[in-house]
Amino acid sequence: MSSVPSAARVFGVDATVVSATVPARDHVALELAVGAFPPSEAGHFLQLQCADPDAPGAILHDWDAFAPTDAFGTRSAYLRRPFSIADRFEDEDGRTHLVVISRNIGAGTGWLDSRKFSDTINITGPLGRPFARPAPGVPIALVGGGVGIPPLLYLARQLREAGHEDVTAIFGATGRAYFCVPLIREASADGSPSVCLALPGAAPFPSIVTTDDGTLGLRGRVTDGLRIWAEKRAREIGSAAVFACGPEPMLHAVARQTRQLGIAECQLCIERLMGCGMGTCLSCIVPVPDESAAGGRRWALSCSEGPVFPRDRLLDFADRND
């Protein structure tokens, strides 16, 4: 696996909204353009200021996370919000374009949902540690659920650009209305992989789409799709790699299933509340093994040591039956 050091970053730069589209119900995909931006990898994230710069206390507090209204009687996101980079590319003028996908669930995401062309959003990034990519030739599954899909879209672009060919996307949602990736054609209802999704960079990878209610693709969960994928690779499953991001119950299921399948290489991009995104507020801790620490474990900051971790570094995701 290739190892990527912590990225250089920029702080509090203004990015311009180039487009704002609705890929799924309650979702918005924002394409942001910024002049100079440091190199990034899939799994890195951005901290977005999800409020107007002149909003009262816009940077100092985040009381709306704990109460329905802030001290001024209106809902406003005070701290920045973390968002995975869903895609990145450069235009002919040398500007960097960054894509984030948000689901409207609160004050900050509601503000993002109302952005339009030419609006400005203040961003900091890239932050965190990204996915470590394998050498070409390794069978790869990208497993994403709901708003955990975006970093895997960026990873699909980067894998294609690096020459990977044996890559399958396994993406799921509760139903068709909430599936945030554009369709090229209808996904197979029996879980057969097909080139049915418009992936960034025109990545030609086959996909398995699952929905809880069966309104798109295979009725079931992403683990059902992962099982189908693994069955077709029984002879090479030990050398395969799985990269996953999504709700925590989904990641627990993927961690357990990859162990049962004998897949050693599994990386999980976890979702945690991140107040600062830079290791200061200590709001995003997760337990990891550490022989030098008392009890053989310590707390790691998912914003700086993650958000991508090797599966077996996350004690919360250890198989209770092991």
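Observations, loosely collected:
- Computed over Cα pairs, the Kirkwood radius of the chain leads via Stokes-Einstein (0.692 mPa s, 37 °C) to a diffusion coefficient of 163 µm² per second.
- For Arg129, distant residues with modelled amide H under 5 Å away: Gly306, Val308
- DSSP beta bridges confined to the chain are antiparallel in about 60 percent of cases.
- Remark: accessible surface ordering of Ile105, Ile285, Ile208 (largest first) is Ile105, Ile285, Ile208, probe radius 1.4 Å.
- Largest accessible area first, the residues Leu79, Leu282 order themselves as Leu282, Leu79 under a 1.4 Å probe with ligands, DNA and RNA left out.
- Using the Cβ of Ile123 as centre and a radius below 14 Å, the other residues enclosed give a net charge of +3, where K and R count +1 and D and E count -1.
- Using the 1.4 Å probe convention, the accessible area of the chain works out to 44 Å² per residue with neighbouring protein chains retained.
- Computed log10 I(q)/I(0) for the stretch 133-203 at 0.21, 0.22, 0.26 Å⁻¹: -0.94, -1.02, -1.37, from the Debye equation with unit scatterers placed on every C-alpha and solvent omitted.
- Sequence-distant residues sharing a close amide H with Asp87 (under 5 Å, placed H): Val99
- For q = 0.28, 0.30 Å⁻¹, Debye-computed log10 I/I(0) when each Cα of the stretch 98-148 counts as one equal scatterer: -1.27, -1.30
- Top of Ala241, Ala177, Ala156 by mean-square fluctuation, Gaussian network on the chain, Cα under 10 Å: Ala177
- Cut-off of 10 Å, at most 16 other beta carbons, DSSP loop: longest stretch of the chain lacking such chymotrypsin sites (Phe, Trp or Tyr not before Pro): 118-322
- Positive minus negative residues near Met274 (Lys, Arg vs Asp, Glu; Cβ under 10 Å): +2
- Rel. contact order, % - alpha carbon contacts under 8 angstrom, at least six apart, the chain: 17 percent
The values are calculated or read from the model by the stated rules, or taken from the named source; none is laboratory data. Source: prediction; values computed, not measured. Cβ: placed from backbone, ideal geometry, glycine included. Neighbour counts: every protein chain shown. Areas reflect the complete protein model, heavy atoms only, side chains present, ligands, DNA and RNA absent. Shrake-Rupley method; radii C 1.70, N 1.55, O 1.52, S 1.80 Å.
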